[in-house]
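Shown next, in structure tokens, is the structure this report addresses.
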Amino acid sequence: MIPVTILTGFLGAGKTTLLNRLLKRPEMAGTAVLINEFGEIGLDHLLVKRLDEDAVLLNAGCLCCTVRGDLVRALRDLAARERPISRVVIETTGLADPAPILQTLMGDPMILSRYALDGVVTLVDAATGLATLDTQEEALRQAAVADRIVLTKTDIADGGAVDALRARLATLNPGAPLLTAVMGEVEPAALLEAGPFDPAQKNPDVARWLGHAAHDHHHHHHHDVNRHGPGIHAFCLRYEEPLPWDGLATWLEVLSMTKGQHILRMKALLNLEGQDRPVVLHAVQHLFHPPIHLPAWPEGDDRSSRLVFILRDLDRAVVEGGLNAFLESARREAAISAPPAA
């Protein structure tokens, strides 16, 4: 039986960072990774550093009925391969309700014959976790079903807020150990062998959610991969030419100050003027993390800049129009200050 670990957590909790750290450890040799993102354009599969034939990007969506079929197919393909795998890690989108994926793993006969659900690892952002639990039903469910809860960003969060968050999580899911990861570092042994998953040991709501997921699995519906409930939508801005950092950075500062409460997630892979290597940006609400320089562009990438947004109650036109205006202003200023041609 191949153990399956579900890695979940709300938008910006640090799932990809933790996954990258885990995959470097010898205990994770032979691990296959399945990545699901919300919105038609994804970046996480480019940012998982050990992206090879054992990493699969599931189709866009949030693991509702359409993507669940892709999950089953991906697991069947992995089980049929000649080269065996030792473990599967499924990284869900931050907007995922975990109940449908759990129901899929526990209800499909082929999966049950080859795979064992080892456990659910849920990441919670210590800087925004209390507010997220209050406002996002998905985050509440992710924490309630967890076998292990990992607090991230405790180094930048208020100490009192972290204590309050720990108390809230202990009440919501008293059976799940509370771990802490700094910059994604956590011992694999603390996360693995957490199962088997047992709904009876969870909050009573978990069994009800699983029952609803089993019912909904048989009622397929049209689902816009870029929309998730009222007011929440995703889109990607793509730029073929290198971007001026001055204009981009100024716009990000303005966006954070004026619209931060609407930014559920921003993740960007950037080609900046004067830079040979790609730059990654992350943002959650008002918190914009320092830029990260990757060692090199992913093989075969077209080197365009891609900024993926997941917003709540904020129109795309506001974001796109503001960014384009700041980029154009930065380019005009650079042209004016450039030395005259010889």
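Readers should treat all values here as calculations from the given coordinates under stated rules, not as data from a laboratory. What you see is a predicted model, and the numbers here were worked out from it, not measured in a lab. Don't worry about glycine lacking a Cβ; one is built from the backbone with ideal geometry, like all the others, and counts go over all protein chains shown.
When all C-alpha to C-alpha distances in segment 232-337 are sorted into bins of 10 Å, what percent of pairs does each bin hold, rounded to whole numbers?
Percent of Cα pairs in each bin: 14, 49, 31, 6, 0.
Hey, what do the phi angles of segment 270-281 turn into as Karplus ³J(HN,Hα) couplings, whole Hz, using 6.51/-1.76/1.60 and θ = phi - 60°, x for Gly and Pro?
Those phi angles translate into 10, 9, 9, 4, x, 10, 8, 9, x, 10, 10, 10 Hz.
Order of 5-13, 184-192 by packing, highest average Cβ count within 10 Å first?
Numbers: 5-13: 26.6, 184-192: 15.8.
Those peptides, ordered most packed to least, come out 5-13, 184-192.
Using modelled amide H (1.01 Å from N, peptide plane; none on Pro or chain starts), what sits under 5 Å from the amide H of residue 301, excluding residues fewer than 5 places away?
none
Using amide H atoms built in the peptide plane, which far-off residues or other-chain residues are under 5 Å from residue 2 H to H?
115, 116
Could you put 31, 171 in order, starting from the residue whose Cβ has the fewest other Cβ atoms within 10 Å?
Working: 31 21, 171 9.
Listing 31, 171 from fewest to most nearby Cβ atoms yields 171, 31.
Can you compute the modelled spin-label distance between residue 240 and residue 337, with each label point 7 Å from Cα toward Cβ, in nm?
Simple spin-label model gives 2.8 nm for this pair.
For segment 232-337, what does the relative contact order come out to in percent, with C-alpha contacts under 8 Å and a separation of six or more?
Details: 186 pairs, mean separation 40.0, N = 106.
About 38 percent, as a whole number.
Using the number of other C-beta atoms within 10 angstrom as an exposure proxy, rank 113, 86 with the fewest first.
Details: 113 9, 86 12.
Fewest-to-most ranking of 113, 86: 113, 86.
Could you tell me the calculated FRET efficiency between residue 85 and residue 137, based on Cβ-Cβ distance and R0 = 35 angstrom, to the nearest 0.05? Walk me through the intermediate numbers first.
Numbers: r = 33 Å, r/R0 = 0.95.
The pair residue 85/residue 137 has a calculated efficiency of 0.60.
Kindly state, to the nearest 0.05, the FRET efficiency for residue 77 paired with residue 329, given R0 = 45 Å and r defined as their beta-carbon distance.
0.40
How many angstrom separate the Cα center of segment 119-175 from the Cα center of segment 241-320?
26 Å
Starting from the Cα of residue 110, step 7 Å along the direction of its Cβ; do the same at residue 24; then give the gap between the two resulting points in nm.
3.6 nm
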